[in-house]
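Each reported figure results from applying straightforward, stated rules to the coordinates on display, with no laboratory input. Because the structure is predicted, anything quoted here is derived from the model rather than measured. Note that we place each Cβ from the backbone using ideal geometry, even for glycine, and neighbour counts take in every protein chain shown.
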Amino acid sequence: MSGEAGHDSYDNKEITDVLCSVGSVAIVGASANPIRPSFFVAKYLLDKGYRVIPVNPGHAGREILGQMTFARLADIPDPIDMVDIFRGSDAVPGIVDEILALKPLPAVVWMQLTVRHDAAARKAEAAGLKVIMNRCPKIEYARLSGEIGWNGVNSRVISARKPVMRGGFQHFGLR
């Protein structure tokens, strides 16, 4: 896919606004395997207070991290604020079609690192959804909250503001 303006980079405020506005996240491609990236992203988001809904047809009806897993987005009985896609880029058009069939529509479609599909993004945006591609909500949350700096990673965020502590062990909220 060729890059299109608007999805090659995202402003920190844009990412922060998305992460602060959603409460529930359906993770399409969630794994019960604790060494898979989708597992530790789900765990991190749960630890930050998000409601995480795993979507994986091979694990449907069982729990991942204590959360019931569904086979399809349409099987989720409650409204979803954001869909996080942990599948290859070629699967995105079908997933976006599933998302657009939901009532009510989620506000955000988030595609994980290396996942990008510009035509599907345009279709979701035409329906009024916010689209983030080739980013990880776990990494973005940690970067914007300052937590990623604990590992020596440059967060690209300079601030004199004192971090806002949240409940739990070493949890910063977003600025």
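Excluding V108 itself, calculate the net charge of residues whose Cβ lies under 13 Å from the Cβ of V108, where each Lys or Arg counts +1 and each Asp or Glu counts -1. Write down the numbers at each step before the final one.
Numbers: positive: K130, R135; negative: E14, D17, D81, D84, E125, E140.
Computed value for this residue: -4.
Going down the table (K13/K43; K13/K103; K103/K123; K13/K138; K48/K138), which pairs top 20 Å between alpha carbons? Write down the numbers at each step before the final one.
Details: K13/K43 24 Å; K13/K103 28 Å; K103/K123 17 Å; K13/K138 16 Å; K48/K138 10 Å.
Distance filter (> 20 Å) returns K13/K43; K13/K103.
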Requested in this report: Report the local net charge at V92: Lys and Arg +1, Asp and Glu -1, summed over other residues whose C-beta lies under 11 Å from its C-beta.
Outcome: -1
Requested in this report: Nearest 5 is fine: what % of DSSP beta bridges in the stretch 18-99 come out antiparallel, could you say?
Outcome: 15 percent
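Quick one: net charge around V18, please, counting Lys, Arg +1 and Asp, Glu -1 for every other residue with C-beta under 13 Å from its C-beta. Let's see the in-between values first.
Details: positive: K13, K130, R135; negative: D11, E14, D17, D81, D84, E140.
Local charge sum for V18: -3.
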Report summary line: Under the 7 Å Cα-to-Cβ spin-label approximation, K43 and A119 lie apart by a distance in nanometres of 3.8 nm
Query - Taking the stretch 12-138 and dividing mean pair separation by its residue count, relative contact order in percent (alpha carbons under 8 Å, at least six apart) - result: 21 percent
